[in-house]
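Each remark here refers to the structure printed beneath this line.
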Amino acid sequence: MPHSARIDKRLHGIGRQFGYRRVGHRYTFSPSCFPPPSSTIFRIVQPNQKNIMSDNQIWVDADACPRVVKDILFRAAKRLELTVTLVANQPVPAPKSRFITTVQVGSGFDVADNYIVQHAKAGDLVITADIPLAAELVENDCAVINPRGELYTADNIRERLNMRDFMDTLRGSGVDTGGPPALNQTDRRNFANQLDRLLIKLVAGNRI
């Protein structure tokens, strides 16, 4: 085979791998040229695409998690076929689904937290407002957000811990610091938006 013909054949093969077919002396994009899924070189995941690649899951510190946040997570589990596991010291109402699991641990301080730390793996997403728990999970390369949609990272978790310790000191000295404000519509929207951004990466099998 002439050298030019071998080069042309090789280019044709490469073009087909990336969705192009030859028309005359030109190559045009054609989705039908893609090889079957078992040999596809890359894969594009849309935000609403079902999870068929990632084995990561979502963990919920469920005792203090607001019902409206759980409902958002239940819908996401069904839509994307992602496993959501709720861990609590008491029974947690949840819809029947093969993608939703509830774990009731024994009563005691930090029992639910310890269970999540022991079972969540790098790349998993965890929902919690517990700052010390979030700090441990961030250190273990988990993605962590609270029910208001704030993402905890290695850059901000130390500041959150310091503020928590400061507020504990004030309360210990008799100062009434009050409690967090009730979850409002803006908080719910922020949580849903942050969750969507993270789930796009989770479904794609990418590190959050």
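Observations, loosely collected:
Residues are listed down the side, and each one gets a yes or a no for (1) assigned to a helix (DSSP H, G or I); (2) open to solvent by less than 80 Å² (accessible area, probe 1.4 Å); (3) more than 14 Å from Ile58 (Cα to Cα):
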site: Ser107; (1), (2), (3): no, no, yes
site: Ile116; (1), (2), (3): yes, yes, no
site: Ala135; (1), (2), (3): yes, yes, yes
site: Val144; (1), (2), (3): no, yes, no
site: Asp155; (1), (2), (3): no, no, yes
site: Arg160; (1), (2), (3): yes, yes, yes
site: Arg164; (1), (2), (3): yes, no, yes
site: Asp176; (1), (2), (3): no, no, yes
site: Arg188; (1), (2), (3): yes, no, yes
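- Screening the range 193-208 for residues that are basic (Lys, Arg) and over 15 Å from Ile72 (Cβ atoms) and picking the one that is modelled with the highest pLDDT gives Lys201.
Residue-by-condition table, conditions (1) at pLDDT 95 or above; (2) in contact with a strand residue (DSSP E or B) (Cβ under 8 Å, 6 or more places away or on another chain); (3) part of a loop (DSSP other than H, G, I, E, B); (4) open to solvent by 60 Å² or more (accessible area, probe 1.4 Å):
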residue	(1), (2), (3), (4)
Lys70	yes, yes, no, no
Leu82	no, yes, yes, no
Ala94	yes, yes, yes, no
Val103	yes, yes, no, no
Ala112	yes, yes, no, no
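The values are calculated or read from the model by the stated rules, or taken from the named source; none is laboratory data. Here the structure is a predicted model, which means the values were calculated and not measured. Glycine gets a Cβ as well: all are built from the backbone with ideal geometry, and neighbour counts include every protein chain shown. These area figures cover heavy atoms from the full protein model, side chains too; ligands, DNA and RNA do not enter into them. Shrake-Rupley method; radii C 1.70, N 1.55, O 1.52, S 1.80 Å.
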